[in-house]
1. Given the criteria of a type outside the set (Gly, Ala, Ser), in the same structural domain as A:Leu731 (by TED's automatic domain parsing) and surrounded by 11 or more Cβ atoms within 10 Å (Cβ to Cβ), does A:Glu678 qualify?
2. Quick one: what pairs do we get from the range A:452-472, first residue over 20 Å from A:Val610 (Cβ atoms) and in contact (Cβ under 8 Å) with a residue 12 or more places away in the chain, second assigned to a helix (DSSP H, G or I) and of a type in the set (S, T, N, Q), C-beta under 6 Å, 6+ apart or different chains?
3. Among the candidates A:Asp143, A:Asp89, which residue alone is out of contact with any strand residue (DSSP E or B) (no Cβ under 7 Å at 6 or more places or on another chain), modelled with pLDDT of 80 or more and not small (Gly, Ala, Ser)?
4. Please go through the range A:407-438 and pick out each residue that is charged (D, E, K, R) and surrounded by fewer than 18 Cβ atoms within 10 Å (Cβ to Cβ).
5. Return the residue satisfying two criteria in turn: it lies in the range A:567-626 and is of a type in the set (Asp, Glu) and surrounded by fewer than 20 Cβ atoms within 10 Å (Cβ to Cβ), and of such residues it is modelled with the highest pLDDT.
6. Going through A:Val373, A:Val406, A:Val356, A:Val420 one at a time, which residue ends up being assigned to a loop (DSSP other than H, G, I, E, B), modelled with pLDDT of 75 or more and at negative phi?
7. Against the definition (in contact with a Gly (Cβ under 6 Å, 6 or more places away or on another chain), at pLDDT 85 or above and of a type in the set (Val, Ile, Thr)), how does A:Thr49 come out, yes or no?
8. Looking at A:Leu443, A:Leu423, which is the one that is among the hydrophobic types (A, V, I, L, M, F, W, C) and closer than 25 Å to A:Pro85 by Cα?
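The values are calculated or read from the model by the stated rules, or taken from the named source; none is laboratory data. Source: prediction; values computed, not measured. Positions of Cβ are backbone-derived with ideal geometry, glycine not excepted, and every protein chain shown enters the neighbour counts.
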Amino acid sequence: MSGLANPLLQQFIPEARDLLEQAGRALLALERQPGAAAPMNELFRAMHTLKGTSGLFDMAPFTRLVHAAEDLLGAAQAGRLALTPALADLLLDTLDQLGLWVDALATTGALPADAAVAVEARAGRLRAPLGPQGAAPAEAAPDAALPGWLEALPQEARAALPRGRPLVALRYTPDEHCFFRGEDPLGLVRQVPGLCLLRLVPLAPWPPLDQLDPFRSTLAYLAVADAPVATVEELFRYVRDQAEIVALPVGWDAVAPVADTGAAETLRAVLAAQRRLIEAGGAEDPIADGRMAAARMVLSRVAAQAGWTDAALPEDAAGLLGAIAGFEARLDATPPPAPEAALPEAPRAAPTTLRVEQAKIDTLMNLIGELVVAKNALAWLARRAEQESLSVRELAREIKDRQALVSRIAEAMQGAVMAVRMLPVEQVFQRFPRLVRDIARRLDKQVELVLEGGETEADKTIVEALADPLVHMVRNSLDHGIEMPAERIAAGKPELGTIRLSAMAENEHVVIRVEDDGRGLDPARLRARVAEKGLMEPARAATLTDEEACQLIFLPGFSTAAEVSDLSGRGVGMDVVRSTIERVGGRLTLASRKGEGTRFEIILPLSMAVTRLMTIACGERLFGVPMGLVAETVRVPRERLRRVGDREAFVLRERLVPVLRLARLLDLPDAEAMPDEEAILVVQVNGQRLGLVVGAFREVMEAIVRPLDGVLAGLPGFGGTTLLGDGRVLLVLDLPELMR
Amino acid sequence: MPVALKEGLAVLDGACTVEEAEPLLQWLRETPDAQVDLGGCTALHAALAQLLLAERPRVVAPPPDPVLAAALASPLAIQVTR
């Protein structure tokens, strides 16, 4: 299916995502204030709109699931049903499933193959709380109803239909004059591919033969086919008003398959009863024939019920007992239904769209106009230079003028493009209410999440890079920070813990804080832990101040939880969080007070697209270092460099700074002549102050750093490339990685 | 001739069209205990099918298409409801 080419579908995908998000938010709001009208209406409206728009596409399972959720919400809205946390879980789960399907639509243009199966169980669970009365109107809804005639089919006929596949039910009632138009309703129905059941039903009792008009159509055609709905609809497009075409989802015939162990147990009991019936009675039994006939009839029903249409039933007692044994063996062979498999993680990075204000695009358009004018002016200048009406000096001045103009436009365009790429941090924040709710529920903790400053904007790349580290930090706060309610009360704190997620713009940076009022970090335990794990000498750990001890959680290989829980312990330590943030040019700091809480602070550049780079020379080569990492540049006389073990270090303002040599890190030859003074770049990397001996410092430049791709992709130690003014390629160092 | 109307037996062969409806009805009216042979019938027009259902002559050979055969053989137990 080439659904992706459908422009309507392209519009539907972002809209569906918005609606799902809106519904999720409303649901969480509703859980906090049960019975509040505004979020309830919002939720209902979102689901209703989603149902309506999804109906435009060929994705019946999607529509069906939304419809089931809507029914449930309808009952809740009317006050017939209380929205319990369990019900909220169910609805949130449904929203997740719908979200996954939207992702699948975005990547493949179609729902996953198992959607029709998945929807059955889910819709059933959504309908269950409604009870039989609630379910009835839902079943009568046009897109969910089974045609009544299907239910009226004899059991044998239903049992003969293929199982485990979506089918199409057709009811075609041609008008009585159709033969005169050259139509052949039976021929049309028989064109349906995969036709597996056909019934011809007279619309009225047959008149006596001598009054029968052979050219009046008097039949209705009922059919079931193993074919796509679209194909059947296509066949009947000219008589669409006379044909009722209904997709039968897998498992529509709820009684037929031995779907659960409950049904299997019932069948076993029935089989055992028949065995007793057959074995009862002595040799001279006047009602033996009757008993056999009764047992045989029950057994044939069992076979039909379980879908064992191939089973033959003999007449005599021995044969029937054999058949019972055979049926029991089949029951044993039917595996109990597997517990519903966990949803696979949604594959990330379906193509994303960016919504941009019209005004920002207009600004860009104007700037392009100016750029075209400036370009034309250059052609004009070139012509004048050709005609030699300009002196070299004049020409140089003219070129400088034009250059200034182009440069102004380029800067303005850069600003305009940056503005397009700016996203509110809200984009990342909005996933947290749900995350916090789910985890808190799982841990039995009571947590309030406070979001502040979601409107703060930052570059798209930065906002996206923030997501994973933030999730990790919030999980940490929930898991390790916030105490159990009883423990909080004992500590004299309010039962309800608070996690505060805030963002604000500060000059050229965005500051994001994750604060909790939990138990905080325990410096003594941290010291003991690093010593125990062999990450640091006990003696050295003992000399750390409390504040320094808190930073120990950033050591690679550190994990405070005695047992790795499924929340925080995902094999990702705080060291990875820190390096992720540093990779996008940010900094992560931590402050914690035992018993009072913990605060993480992330400081990120507002925009990534243009990076200030310091260029440094190492031998013949030039490299770039992001200015964000550079603390200062110093020149140190050789004799002030001291050897400490196998390391070098020097004292800078009464602090010992370890020194690494860039040439060694990059496996480049050492400079031949040892200079009297070493050029040392002091950088702040991995939370540590380090000196980097380089050949020479060069200029600071602004550059657009492109990530490494192609054969260079994944090259360790380098963060990207950019072009120098003379056309050479400058490699940008990834210091956190290089100095690890 | 796709429909051969013989003494007591109608043989429907190949694609049987609406034109056969009139003669078939006439034949059914005249023939008590009529029998039909659909063994070679590949296509059966709706008009013919409804005649067979109305009169229910004995089918000595069902049509080769099992779905059609089942449709013609099934007792009309289904209530037609709107």
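1. For A:Glu678, the condition - of a type outside the set (Gly, Ala, Ser), in the same structural domain as A:Leu731 (by TED's automatic domain parsing) and surrounded by 11 or more Cβ atoms within 10 Å (Cβ to Cβ) - is met.
2. A:Pro469/A:Thr580
3. On inspection, the qualifying residue turns out to be A:Asp89.
4. As a first pass, look at the range A:407-438 and keep what is charged (D, E, K, R): A:408, A:411, A:421, A:426, A:431, A:434, A:437-438.
A:Arg408, A:Glu411, A:Glu426, A:Arg431, A:Asp438 - these are the residues of the range A:407-438 that are charged (D, E, K, R) and surrounded by fewer than 18 Cβ atoms within 10 Å (Cβ to Cβ).
5. Here the answer is A:Glu601.
6. Numbers: A:Val373 fails: assigned to a loop (DSSP other than H, G, I, E, B); A:Val406 fails: assigned to a loop (DSSP other than H, G, I, E, B); A:Val420 fails: assigned to a loop (DSSP other than H, G, I, E, B).
Of A:Val373, A:Val406, A:Val356, A:Val420, the one residue that is assigned to a loop (DSSP other than H, G, I, E, B), modelled with pLDDT of 75 or more and at negative phi is A:Val356.
7. Values: in contact with a Gly (Cβ under 6 Å, 6 or more places away or on another chain): no; at pLDDT 85 or above: yes; of a type in the set (Val, Ile, Thr): yes.
It is false that A:Thr49 is in contact with a Gly (Cβ under 6 Å, 6 or more places away or on another chain), at pLDDT 85 or above and of a type in the set (Val, Ile, Thr).
8. Criteria check complete, one pass: A:Leu443.
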